[in-house]
Amino acid sequence: MPPKISKKATAAAPVKTLVLDNGAYTLKAGLVAPSGTPSYDDCRVLPNCIARSVRDKCMYTSSELYQCKDFGELAFRRPVEKGFIVNWEAEKAIWEHELLSETAGEGLRCDPKDTNLLLMEKPNCPKELQKNCDEIVFEQFEFSAYYRCVGPTLNAYHPSIPSSLSSLPRECLLIIDTSYSDTTILPIYSGQLIQSAVRRLTVGGKLLTNYLKELASLRHYNMMEETYLLNEIKEAVSFVAPSTQQFSKDLERTWKGRLGDKRTVDSSIVLDYVLPDYEGAIHGYARPHDPLQSRVRRGIQPLQGPREDVLPLGNERFAVPELIFRPTDIGIQEKGLPDAIMDSLSVLPEALKLTMLSNIVVVGGNSLIVGFVERLESELRSLVPTEYLLNVSRADDPIKHSWLGAARFASQPDLMKQVLVQKAEYDERGSTWLAKRFSGGDK
């Protein structure tokens, strides 16, 4: 007769981990099982905002925004500023709506008391904001266990060989995270951030959208309240000029000339963006530039029947993303991205610098702008000695890539056991001890 198995010997059911990349523009979230094999498909991307429509007075919390039919004059309340959570009232409402309540999407709903949380943050977060975050995670949400870390560092857990099952991080990696809030340069060695070499540029997706709003409002219509629409336009039609020389040539090709000396613009660059009316269409679209159509003014369009509002876009298409490479164009006294990368690497030993240059990975939404990676590699090549190997690549999915690195880390029980802090430990030792633990000062 087989021996009886005591209740104490019975293995506890594995606890899932909620991996949360809490970005300023979107949340990247997904549940990861121990010893699982996570993929991009396990990650859901959700708007990290609460929006209020001035027109229909409706409120939209995170994914409810996908149901909106009129994006005109939406007022956004974003709980994350400069990459850090500063408004927990709004963030709590978003987390509860998307992760904990009955409105949570398929595969995301969880009970915090039975779930671990891996929360990703930006580097150099103020200690007071970290303390607020830790207290809310354990005291209000009551997660079973918790680990907070600098999110981009977990990109090191993407295997250098796709089929590799190694749990070790890549030895050297230079992450360029160009996101909504800013652009950050993060050298990583054996999974650890080299803090002295971290560099941050204030130019991010938010600044680019705001600059496009100003240009469109100055030259065409008043669009200062149309944040959603202008962000949509930026993502659809922007491109990065291949070089500063080509940028100057493209400026010349899109110049209409002075009064009394009009020129014909290059139709291969200039295009017309048909704005949505939020009745027949909720999204606009780009089409080839028609000089005759662009002369039609709103006042002489037919009172009845279909009408169009067209936004001609010329140098706005490439002058806006150029700010990542030349922020001084609008008076921001910072180095452009290529120079900032070289400045970051200058504090490293020569051997480490060589290895970093051969392992540059670009993540974040701005990297999806056409020509971004090619321009970055071209400018770095001119700054790096010819005998150095230079390899710049964009992640397969720049939006979800950091999340997937974190998910691969979270799927390895041995690694998680080393870093997770249980709620009972927090209750016993408090938030000051926890802050030291996550900063590496108390094991």
Fill in the blank from the handout: Among (1) modelled with pLDDT of 95 or more; (2) within 30 Å of residue 274 (Cα to Cα), residue 313 falls short only on (1)
Exercise for the section: Identify the single condition in (1) within 16 Å of residue 121 (Cα to Cα); (2) open to solvent by 70 Å² or more (accessible area, probe 1.4 Å) that residue 435 does not satisfy, given that it satisfies every other one. Expected result: (2)
Exercise for the section: Look at region 239-280 and say how many of its residues are in a loop (DSSP other than H, G, I, E, B), under 30 Å from residue 55 (Cβ atoms) and either among the charged types (D, E, K, R) or open to solvent by 40 Å² or more (accessible area, probe 1.4 Å) (or both). Expected result: 3
Completion exercise
When restricted to 132, 124, the only residue outside any loop (DSSP other than H, G, I, E, B) and either under 30 Å from residue 187 (Cα atoms) or among the polar types (S, T, N, Q) (or both) is 132
Practice task
Taking residue 117 as meeting all but one of (1) open to solvent by 30 Å² or more (accessible area, probe 1.4 Å); (2) part of a strand (DSSP E or B); (3) of a type outside the set (Ser, Thr, Tyr); (4) modelled with pLDDT of 95 or more, write down the number of the exception.
Solution key: (1)
Handout entry: region 334-391, residues that are closer than 16 Å to residue 322 by Cβ, of a type in the set (D, E, K, R) and open to solvent by 10 Å² or more (accessible area, probe 1.4 Å)
Key = 334, 335, 339, 374, 379
Practice task
Pull up region 34-54, narrow it to residues that are among the charged types (D, E, K, R) and in contact (Cβ under 8 Å) with a residue 40 or more places away in the chain, then point me to the one that is farthest from residue 405 (Cα to Cα).
Solution key: 44
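The values are calculated or read from the model by the stated rules, or taken from the named source; none is laboratory data. Quantities reported herein were computed from a predicted structural model and do not represent experimental measurements. Virtual Cβ from ideal backbone geometry, glycine too; neighbours counted across all protein chains shown. All accessible areas refer to the heavy atoms of the entire protein, side chains included, with ligands and DNA or RNA removed. Shrake-Rupley method; radii C 1.70, N 1.55, O 1.52, S 1.80 Å.
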